[in-house]
Amino acid sequence: MAIMMVMLSSCSLSKFNKEVRKTINGAWTLTNIKYDQPGIYESILFNDVSAECFAGSDWFFRNNNSTGTYTIKGGDNCANGLRYIRWSVYEKSADQQQLQFKFTDDRKKDINPGGYRLNISFLDAENMTLDHSVNVEGSPLKIIYTFKRTSL
């Protein structure tokens, strides 16, 4: 019985992880995408659509079953529509958490084995800022995503 309790507790989320997930839970709008280096970049984000298409996209994170969606609203050369995701919070270190997600179909089955991790650089009840680094011509470039809560 004691071994079973240790195994179960080792698989459970930390108190801090639960709080981060609870804060993320709900609806958000991606209000801004920017880069930490000056320049003009043509970015295809998450192997989906361009950064311009993501601007104004609506995201929903459901905490109780780790599922969610985002909706690309369309526009010139944008493949609009709903995308399904499974998400979680990864504790990279004591002071660095990451939002990770991967694509699923509408029945919550994984589409492919890969996924994405974005650093949580700011999070409160109304605002969330995520970022991740990519290489552009051999140099690191940070992509910064700013979200505003729309509802719980």
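Values in this text are rule-based calculations from the coordinates and carry no lab data. This is a predicted model, so every value here is computed, not measured. For neighbour counting, all protein chains shown are included, and Cβ atoms are generated from backbone atoms with ideal geometry for every residue, glycine included.
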> Among I85, I72, I111, which one moves the most in a GNM of the chain with springs linking Cα atoms closer than 10 Å?
Replying inline: I111
>> Taking the 0 to 90 degree range and rounding to the nearest ten, how far is the long axis of helix 2-11 tilted relative to the main principal axis of the chain, both from C-alpha atoms?
In response: 10
> Over the stretch 15-151, what is the relative contact order in whole percent, taking alpha-carbon pairs under 8 Å and six or more residues apart?
Replying inline: 25
>> Just to confirm the number: angle between the C-alpha axis of helix 15-24 and the first principal axis of the chain, 0 to 90 degrees, nearest 10?
In response: 40
> If you rank W59, W87 by fewest surrounding Cβ atoms within 10 Å, what's the result?
Replying inline: W87, W59
> Just one of [x] -0.50, -1.13, -1.33; [y] -0.38, -1.18, -1.54; [z] -0.44, -0.99, -1.19 is log10 I(q)/I(0) by the Debye sum over Cα atoms at q = 0.10, 0.18, 0.21 Å⁻¹ calculated from these coordinates, so which is it?
Replying inline: [y]
>> Filter K102/K142; K34/K109; K22/K102; K15/K108 down to the pairs with a C-alpha to C-alpha distance above 29 Å, please.
In response: K34/K109
> Whole-Hz Karplus ³J(HN,Hα) for the stretch 50-66, in order, using 6.51 cos²θ - 1.76 cosθ + 1.60 and θ = phi - 60°, x for Gly and Pro?
Replying inline: 5, 4, 4, 5, 6, 4, x, 5, 9, 10, 9, 10, 9, 6, 5, 10, 6
> Assuming R0 = 25 Å, what is the FRET efficiency of R107 and S43, from their Cβ-Cβ distance, to the nearest 0.05?
Replying inline: 0.25
